[in-house]
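Here is the structure we will look at, set down as structure tokens.
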């Protein structure tokens with residue numbers, strides 16, 4: 001798929017605006033583990049993922065991480081261009097969880113399009129509202145859900161993403177996604193193992209009883 005087909009408001013832009021985007025458009029290939037954006041980097045721009053997987057997360061002053069959301073094929077990330085939105089004061093970090101190909105509309109080009117095109121401005125507002133909903137959902141998860149439910153939900157989500165019950169993932173990575181300490185995750189996973197729900201090995205978690213994880217998540 002080409003950029004023109006993937007960008008949601010492409011057909012609502014005039015030819016001059018379309019040319020401005022194409023003339024400034026950047027393509028980039030990221031290796032797994034690459035950090036694309038954080039508060040110490042310059043504003044990146046609007047990201048559109050051609051293929052791959054990105055993780056958007058917050059990093060606390062003490063170095064603890066928590067995932068806000070993940071992005072997959074044809075998803076768009078606007079928070080990497082939050083510096084062009086005066087009302088947004090929200091610092092995030094973005095890393096590639098898998099090898100990723102993406103398009104980048106530089107901040108200056110996209111900002112000019114937003115100022116001229118009602119369709120682009122409306123789409124941007126809708127996108128920001130959706131991401132704000134993701135943040136509010138995350139806050140509710142942290143405040144109201146017990147850790148066993150959050151770990152269960154994460155394992156189920158990971159199994160769905162990877163298409164397998166054999167997850168090559170460390171306790172540290174799970175802790176970073178959920179915003180807690182590795183030791184806490186280790187204790188919870190060992191409890192799941194004692195109940196026959198998962199099997200643990202070095203750098204891996206094997207789900208044995210997906211139905212039990214679903215029960216814990218919904219309890």
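The values are calculated or read from the model by the stated rules, or taken from the named source; none is laboratory data. The structure presented is a predicted model; accordingly, all values stated were derived computationally and were not measured. Every residue, glycine among them, receives a Cβ derived from its backbone with ideal geometry; neighbour counts consider all protein chains shown.
Structure above, values below:
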| read-out | value |
| --- | --- |
| Helices (runs of 4 or more DSSP H) lying entirely in the stretch 105-219 (those with 3 or more residues that are free of Cβ contacts under 8 Å to residues at least 40 places away in the same chain and farther than 20 Å from residue 78 by Cα) | 118-144, 147-162, 171-178, 182-194, 210-218 |
| Answer residue from the stretch 171-194, given it is closer than 13 Å to residue 65 by Cβ and touching a strand residue (DSSP E or B) at 6+ places or on another chain (Cβ under 9 Å) and is surrounded by the fewest Cβ atoms within 10 Å (Cβ to Cβ) among those | 179 |
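The rows are residues; the columns are (1) in contact with a helix residue (DSSP H, G or I) (Cβ under 7 Å, 6 or more places away or on another chain); (2) exposed (fewer than 13 other Cβ atoms within 10 Å of the Cβ); (3) modelled with pLDDT under 95; (4) closer than 21 Å to residue 6 by Cβ.
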residue	(1), (2), (3), (4)
72	no, no, no, yes
82	no, no, yes, no
101	no, no, no, yes
107	yes, no, yes, yes
110	yes, no, yes, yes
137	no, yes, yes, no
